[in-house]
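Before any comments, here is the structure.
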Amino acid sequence: MNSRTLIPAPVNEPVLSYAPGSLERAKFYARLSELKSRKTEIPLIIGGEEVRTGKKHEIRSPYDHGQVIGKVHEGGVPEIRKAVAAAAKARADWAHTPFEARAAVFLKAADLLAEDWRWTLNAATMLNQSKNLHQAEIDSACELIDFYRFNPHFAQDIYAQQPSSSRGTWNRMQFRPLEGFVYAVTPFNFTAIAGNLPTAPALMGNTVVWKPSGAAMLSGYFIMKLLEKAGLPPGVINMVSGPSGPITDTLLASPDFAGVHFTGSTPVFRSMWNTTARNLPVYKSYPRLVGETGGKDFVVVHASADPDAVAAALVRGAFEFQGQKCSAASRAYVPSDLWPRVRRAVKDMLASIEVGSPEDPGNFVNAVIDRRAFEKIKGYIVAAKRDKSNKIVSGGVCDDSAGYFIHPTVVESADPRSVTMCEEIFGPLLTVHVYPEKKWKQTLKLADTTSPYALTGAVFARDRKAIQEAELGLENAAGNFYINDKPTGAVVGQQPFGGGRASGTNDKAGSFLNLIRWTSARTIKETFDPPTDYRYPWMGREKKT
Ligand code: NAD
């Protein structure tokens with residue numbers, strides 16, 4: 001192309017309201033009932049072909065476990081090897097496809113998703129992951145559209161980073177894709193993450209083997225179909241399913257394994273890191289390990305804070321999407337003089353929250369993802385009730401008769417290092433520690449040292465000095481830090497997302513920092529008039545006079 005093209009300036013996708021009587025509401029519900037009756041059969045997609053192994057299992061809706069929503073074909077080692085071969089076959093062409101043509105695939109996917117595909121992905125996300133209308137809209141529509149529009153823009157900026165050249169030479173930097181395939185492993189809780197992790201490396205010219213979460217296969221399948229519709233060539237992203245252990249072991253044993261793009265729990269990422277370290281001599285290059293993992297996200301409240309703002313942030317931050325956000329507020333530190341007002345406001349708000357199927361928009365809290373999660377969270381609630389240092393402020397009800405419903409639960413813990421103050425629970429359970437209001441500085445230290453994670457955190461204060469103290473004291477306690485705001489709801493292009501310590505490699509999804517990990521730069525120096533003699537002028541001797 002004889003032009004220097006520019007990616008259209010990205011703007012965040014507006015969030016639709018789905019208010020009663022709106023067109024979007026009608027379209028969404030029509031697609032939902034279509035998907036429910038369709039009971040989608042989900043194959044593996046390898047080299048552009050749908051692979052049906054015949055080894056199938058049913059998938060069910062978390063909010064109505066009597067309802068089968070689809071069947072998934074499980075892959076095994078032969079399919080995984082086929083996926084590696086398909087990625088290798090597609091690589092040469094894709095790596096040398098002009099950036100504009102690669103970017104156009106994702107820009108087109110964004111446009112498709114902003115229109116008719118919006119209803120499909122949002123409906124799949126409700127059915128499969130039990131997100132309500134708003135939670136599905138901000139995830140599978142807006143955030144994913146943003147990834148597909150902002151990432152090409154960030155990639156363009158990376159490609160524009162060029163070295164200087166002295167006279168007679170021209171230095172260039174070529175941002176090659178990695179030599180091999182990238183393994184993308186995605187969690188159940190965000191369709192946008194599922195759609196971003198395989199596509200970010202693909203945008204940079206890599207080919208990918210992608211394993212969606214077994215608990216989010218329906219939305220995963222529709223992401224693949226959307227990308228195909230947008231013109232993604234066969235083999236660039238290969239979607240596999242099946243038991244995670246053998247899939248991962250097979251992929252990490254391949255000499256062509258060039259990187260992992262992971263989001264999920266800390267133990268799984270650590271196990272992949274260990275396997276990679278053991279297999280190091282096998283690989284052609286040092287694999288890039290990019291992982292965003294667990295969190296134990298905090299809200300630290302200063303005595304100068306507005307108690308109503310604190311209560312609203314705790315309710316939204318801890319309980320939206322049933323607390324199944326890596327960024328969900330799960331521990332709070334509230335000063336003793338403010339706690340009675342915060343407690344009352346939280347209890348009042350929770351009293352108005354209805355729990356039930358996301359298909360009824362009146363329900364703010366819906367089901368957790370599956371039986372395993374239900375039992376795990378219930379276990380924490382039962383143990384918290386038994387612990388003498390705790391009082392149950394609200395909730396504590398668990399009901400799995402129709403779906404996996406857990407009522408928003410608030411525990412007040414006198415022990416700042418009790419189990420639910422420290423461990424990631426990943427459910428609608430918030431623990432509050434009430435500290436003596438004079439012990440602000442000690443409380444900052446406590447918040448910093450209580451958990452191995454460092455993903456998100458928030459401070460609530462009106463006193464500027466207290467805000468500064470929290471910003472400094474909690475400098476390494478969160479990769480995303482909020483002031484007078486809940487610790488959830490990062491927006492692509494506005495709050496690049498990721499954490500440090502045990503929460504991940506902090507490569508900030510939705511920013512240039514992430515994309516740059518999927519390139520291996522080659523520096524090219526060209527000399528226009530190369531010397532023809534090895535001798536330098538300085539080697540000449542002065543003439544004796
Ligand atoms: P998970 O770790 O159970 O699963 C994540 C992915 O890893 C899935 O695809 C799963 O099938 C796969 N997996 C599971 N066991 C594996 C194994 N032994 N080997 C290889 N792959 C394996 O996590 P989840 O329940 O899907 O998601 C919740 C977790 O993800 C929480 O810990 C949450 O904090 C974290 N999360 C983090 C972020 C972030 O940006 N930091 C975002 C979303 C979720």
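Considering 263, 191, 169, the condition of being of a type in the set (Ser, Thr, Tyr) and surrounded by fewer than 21 Cβ atoms within 10 Å (Cβ to Cβ) is satisfied by 169 alone. When the range 60-75 is filtered for residues that are over 26 Å from the mean Cα position of the chain (by Cα) and modelled with pLDDT of 95 or more, the ones remaining, listed by number, are 66, 68. Only one of the numbered conditions (1) within 29 Å of the chain's Cα centre (by Cα); (2) surrounded by 20 or more Cβ atoms within 10 Å (Cβ to Cβ) is violated by residue 467, and that is (2). Out of the residues in the range 397-416 meeting the condition of being in a loop (DSSP other than H, G, I, E, B) and more than 28 Å from the chain's Cα centre (by Cα), tell me which one is surrounded by the fewest Cβ atoms within 10 Å (Cβ to Cβ). Restricting to residues being in a loop (DSSP other than H, G, I, E, B) and more than 28 Å from the chain's Cα centre (by Cα), the top hit is 401. In the range 470-478 there is at least one residue that is surrounded by 20 or more Cβ atoms within 10 Å (Cβ to Cβ), assigned to a loop (DSSP other than H, G, I, E, B) and within 12 Å of the ligand (Cβ to nearest atom). Selection of the range 314-358 for residues being small (Gly, Ala, Ser) and in a strand (DSSP E or B) yields 329, 330, 332. Taking residue 300 as the residue in question, decide whether it is more than 16 Å from the ligand (Cβ to nearest atom), part of a strand (DSSP E or B), touching a residue at least 12 places away in the same chain (Cβ under 8 Å) and closer than 22 Å to residue 481 by Cα. So residue 300 fits the description; yes. Residue count for the range 216-246 satisfying the condition of being of a type in the set (A, V, I, L, M, F, W, C), more than 20 Å from residue 128 (Cβ to Cβ) and within 11 Å of the ligand (Cβ to nearest atom): 0. The residues listed here are 379, 396; of these, the one that is more than 16 Å from the ligand (Cβ to nearest atom) and either under 24 Å from residue 64 (Cα atoms) or touching a Pro at 6+ places or on another chain (Cβ under 7 Å) (or both) is 396.
Can we say residue 305 is over 22 Å from residue 269 (Cα atoms), within 16 Å of the ligand (Cβ to nearest atom) and outside any strand (DSSP E or B)? Spelling it out, it is not the case that residue 305 is over 22 Å from residue 269 (Cα atoms), within 16 Å of the ligand (Cβ to nearest atom) and outside any strand (DSSP E or B). Close contacts from the range 232-258, counting a first residue that is at negative phi and a second that is within 15 Å of the ligand (Cβ to nearest atom) and basic (Lys, Arg), with Cβ to Cβ under 8 Å and a gap of 6+ residues or different chains, come to 239/211; 240/211; 241/211; 244/211; 247/211; 248/211. Among residues that are surrounded by 15 or more Cβ atoms within 10 Å (Cβ to Cβ) and free of Cβ contacts under 8 Å to residues at least 60 places away in the same chain, residue 508 is included. Of the residues making up the range 496-525, those that are on the phi < 0 side of the Ramachandran plot, within 12 Å of the ligand (Cβ to nearest atom) and part of a loop (DSSP other than H, G, I, E, B) are 496, 499, 502, 503, 505, 507. Within the range 421-436, the set of residues being crowded, with 17+ Cβ neighbours inside 10 Å and either of a type in the set (Phe, Trp, Tyr) or over 30 Å from residue 404 (Cα atoms) (or both) comprises 426, 434, 435. Quick check on residue 269: is it away from the ligand (no atom under 14 Å from the Cβ), surrounded by 16 or more Cβ atoms within 10 Å (Cβ to Cβ), at pLDDT 95 or above and in a helix (DSSP H, G or I)? So residue 269 does not fit the description; no. Of the residues making up the range 318-358, just one is within 16 Å of the ligand (Cβ to nearest atom), in contact with a helix residue (DSSP H, G or I) (Cβ under 8 Å, 6 or more places away or on another chain) and basic (Lys, Arg), namely 331.
Every condition in (1) under 27 Å from residue 207 (Cβ atoms); (2) in contact with a Pro (Cβ under 8 Å, 6 or more places away or on another chain); (3) buried (at least 16 other Cβ atoms within 10 Å of the Cβ) holds for residue 18 except the one numbered (1). Might you let me know whether the range 442-461 holds any residue that is in a helix (DSSP H, G or I), touching a Leu at 6+ places or on another chain (Cβ under 9 Å) and in contact (Cβ under 8 Å) with a residue 60 or more places away in the chain? Scanning the range 442-461, I find at least one residue that is in a helix (DSSP H, G or I), touching a Leu at 6+ places or on another chain (Cβ under 9 Å) and in contact (Cβ under 8 Å) with a residue 60 or more places away in the chain, so the answer is yes. Applying the set (1) surrounded by fewer than 24 Cβ atoms within 10 Å (Cβ to Cβ); (2) away from the ligand (no atom under 13 Å from the Cβ) to residue 314 leaves exactly one unmet item: (1).
The values are calculated or read from the model by the stated rules, or taken from the named source; none is laboratory data. Quantities reported herein were computed from a predicted structural model and do not represent experimental measurements. Virtual Cβ from ideal backbone geometry, glycine too; neighbours counted across all protein chains shown.
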